[in-house]
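Below: the structure, in structure tokens.
Please treat every number below as a calculation from the coordinates, not as lab data. The model shown is predicted, which means the values in this text are computed figures rather than measured ones. Ideal geometry is used to build each Cβ from the backbone, glycine not excepted, and the neighbour counts take in all protein chains shown.
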Amino acid sequence: MTEVKLGIGYDEFEDGQRIGTEIEKLSSSPESTSISSLIIGDWGQAYENSSEEVVDALVKYSASFPALRKLFIGEMGFEECEISWITQSDLSALLPTFPELQSLTIQGGNELSLSQLHHDKLEELIIISGGLGKGVLENIATGRLPNLRKLELYLGVDNYGFDGSVDDIFPIIQPGKFPKLTYLGLKNSEIQDEIAEAIADAPILNQLETLDLSLGTLSDKGGEALLASDRIKGLKALNLSHHYMSDEMMERWRKSGLPVDVSDKQESEDGDDWRYPSITE
């Protein structure tokens with residue numbers, strides 16, 4: 001597998017370099033036809049410039065990347081741009097442009113849209129954000145991804161863009177929506193307890209191998225709902241790490257015999273009930 005990462009630093013952007021030009025240069029290089037994984041980092045002051053130029057350039061020069069199977073849009077550290085500040089755009093045009101694409105990872109939920117989420121071969125969709133808008137959840141719920149095997153959503157908090165509720169998640173976990181799905185991550189959420197209660201007895205668990213509810217604000221309330229579920233017992237892995245469950249609840253999980261990760265216990269701030277997901281800003 002040939003993997004390439006492109007990005008524009010702050011100084012480079014100030015000097016006039018543009019991500020569209022870098023994609024054009026890559027498309028004309030001898031290695032372009034063998035690139036199977038492409039990572040797009042900072043496209044130049046991403047806190048105020050959207051990823052639209054990235055999308056336009058990839059669509060324009062797509063014929064130069066016939067081997068592309070994995071695409072990551074927005075891979076950048078906090079020193080370049082905080083996750084919640086990354087300005088995305090409608091990435092839908094990338095899907096028909098790369099019909100052989102198997103994996104799409106997106107970092108940053110600000111202005112993100114997947115208005116036409118249709119792809120026959122996409123197996124993996126990961127969206128990392130400090131706050132994912134309910135519009136994107138609706139895009140996923142109404143999309144068509146018959147080959148999807150892994151769906152991983154970092155939902156975040158309302159201060160940084162999450163404006164949905166568990167009602168916006170229900171359509172995603174309906175039976176038959178993603179018939180090949182075996183890994184479901186509904187994580188990094190400020191409503192982790194509500195999600196746990198909603199999914200604890202959901203029929204979709206019958207087809208899953210892994211349920212990932214990590215990095216959020218899960219407490220004994222959500223833990224109790226999961227522990228009482230018979231469907232949970234069929235999982236090969238249950239990730240509840242970074243949680244706010246009590247020592248007593250953790251011990252019950254350890255004695256359950258289930259393949260569960262309850263590591264990284266958090267403490268409520270200043271002894272009150274304020275709980276935070278792992279990734280916000």
How many residues, within region 227-271, are outside any helix (DSSP H, G or I) and within 26 Å of THR182 (Cβ to Cβ)? 21
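Could you count how many residues in region 146-190 are in a loop (DSSP other than H, G, I, E, B), of a type in the set (Asp, Glu) and over 11 Å from LYS134 (Cβ atoms)?
1
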For residues that are under 18 Å from LEU258 (Cα atoms) and touching a residue at least 40 places away in the same chain (Cβ under 8 Å), scanning just region 196-218, find the one that is surrounded by the fewest Cβ atoms within 10 Å (Cβ to Cβ). ASP212
Right, VAL54: buried (at least 18 other Cβ atoms within 10 Å of the Cβ) and of a type in the set (Val, Ile, Thr) or not? yes
Please determine, by comparing only the residues of region 98-123 that are of a type in the set (A, V, I, L, M) and part of a loop (DSSP other than H, G, I, E, B), which one is nearest to GLY156 (Cα to Cα). LEU112
Restricting to region 151-169, name every residue that is surrounded by fewer than 20 Cβ atoms within 10 Å (Cβ to Cβ), closer than 22 Å to ASP220 by Cα and within 18 Å of the chain's Cα centre (by Cα). SER165, VAL166
Within region 117-135, is even one residue polar (S, T, N, Q), within 27 Å of ILE191 (Cβ to Cβ) and surrounded by fewer than 23 Cβ atoms within 10 Å (Cβ to Cβ)? no
Of the numbered conditions (1) on the phi > 0 side of the Ramachandran plot; (2) within 22 Å of the chain's Cα centre (by Cα), GLY16 fails exactly one; give the number of that condition. (2)
